[in-house]
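Take a look at the structure below.
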Amino acid sequence: MTAQAIRAVRPMPTIEQLRQGLHLSFSQMQTYMICPESYRFQYVRGVKPEFVGSALPFGNAIHEALASYYRQIQATGEPPSLEALKASFADHWSVQEEHGKDFVRFKGKETWSGLKDMGVGLLEAYYTWRAGLGVPTHDEIVAVELPLSATLGDIEFIGAIDLILRDRDKPDRYHLIDHKTSARRFDETRIATDHQLTAYRFLVEESGYLPMGAEFGFYWDVLLKQKNPVVERYSTVRTEEAVKAFLGSAKAILRGIDHEVYFPSPGWGCTDCGFAAMCSAK
Ligand code: SF4
């Protein structure tokens, strides 16, 4: 059964609908791993952070623009023009500015207009890089920003996969891709072990979205925020053992939440923490 056939018989809920049930998401898991106290502020007490770092709205606008890019290819077989891609980013960035005007905290000399220029530059680099990989003819686009859920003990683990491609030369092979913006190149440890791509494997296998026996390739497509923006692809694998390790971490976090194990964990996460003013560690 192909992924398309699976989608045809199973209506896919939106990520907002998935969030309404009892769940653990990858971003919740990540928040707990960085600092259990910030998890408590955000998800247990429901405290509104005093600010968010600029990387969050910036990453959101880039994600939205890339999703529009791939949805157009999926619908028409042709990519949008570079100008349309840049305009899409500008629109999404305006929305972020409107909603975050008094809420977003910038780093150093960052400004709304400076980050807009940065986003445009990154997408120019992405457009050229992706065209070099053969878009749209090389791979079939199976899904863009796909929300999935899978049972994890008594609750659902939920997440959205940025992009799934099906290899035209090897139809049983699917490429699971996560888009990232980053100021730094990923190091080997992160490429090999970061739980996000492992969560992707868990979600596609356990949800039954892709056919049994499908082969997977995992990729970080990273838009590097530097003076001359570039895009780098990091290809990696996620084994069954990696999935077991991921599940061990997820279940440990759920036990911690069940037993109200929360404590401040000062570190790099404090820089962009909107709960710092309320935190006993600060
Ligand atoms: S300021 Fe640091 S230690 Fe305190 S909640 Fe935020 S991330 Fe945790």
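Just so it is clear, none of the values below were taken in a lab; they were calculated from the coordinates. For clarity, every value in this text was computed on a predicted model and none was experimentally measured. We place every Cβ from the backbone using ideal geometry, glycine too, and count neighbours over all the protein chains shown.
Details
- Residue pairs exceeding 27 angstrom between C-alpha atoms, taken from 101/251; 225/251; 48/86; 116/170; 86/180: 101/251; 225/251; 48/86; 116/170.
- Positive minus negative residues near residue 90 (Lys, Arg vs Asp, Glu; Cβ under 12 Å): -3
- With eigenvalues of the C-alpha gyration tensor scaled by 5 and rooted, the chain, Å: 29, 26, 17
- Cut-off 15 Å between beta-carbons: net charge of the residues surrounding residue 237, Lys and Arg +1, Asp and Glu -1: -1
- Rounded to the nearest 5, the antiparallel percentage of DSSP beta bridges internal to the chain is 60%.
- Estimated translational D of the stretch 183-234 in µm²/s (Stokes, Kirkwood radius over Cα pairs; 37 °C; 0.692 mPa s): 256
- Cα gyration tensor category, rounded, prolate or oblate, for the stretch 13-133 with a/c compared to 1.5: oblate
- Derived scalar couplings ³J(HN,Hα) [the stretch 188-202; Karplus, 6.51 cos²θ - 1.76 cosθ + 1.60; whole Hz; x for Gly, Pro]: 4, 5, 5, 4, 7, 10, 3, 5, 4, 5, 5, 4, 4, 4, 4
- Karplus-based coupling profile of the stretch 254-268, in residue order and whole Hz: 4, 5, x, 5, 4, 9, 6, 8, 10, 7, x, 10, x, x, 4, with θ = phi - 60° in 6.51 cos²θ - 1.76 cosθ + 1.60 and x standing for Gly or Pro.
- Remark: the stretch 49-57, residue by residue, has Karplus-estimated 3J(HN,Hα) of x, 6, 7, 10, x, 5, 4, 5, x Hz, where x stands for each Gly or Pro and the curve is 6.51 cos²θ - 1.76 cosθ + 1.60 at θ = phi - 60°.
- Extension gain, residue 90 to residue 235: 0.36 nm times the residue separation minus the Cα-Cα distance gives 49.3 nm.
- Among 237, 120, sorting on how many other beta-carbon atoms sit within 10 Å of each Cβ, with the fewest leading, yields 237, 120.
- In the chain, helical runs assigned H by DSSP with n ≥ 4 each contribute -39500 (n - 2.57); averaged across all residues and rounded to the nearest 500, the mean residue ellipticity at 222 nm is -14000 deg cm²/dmol.
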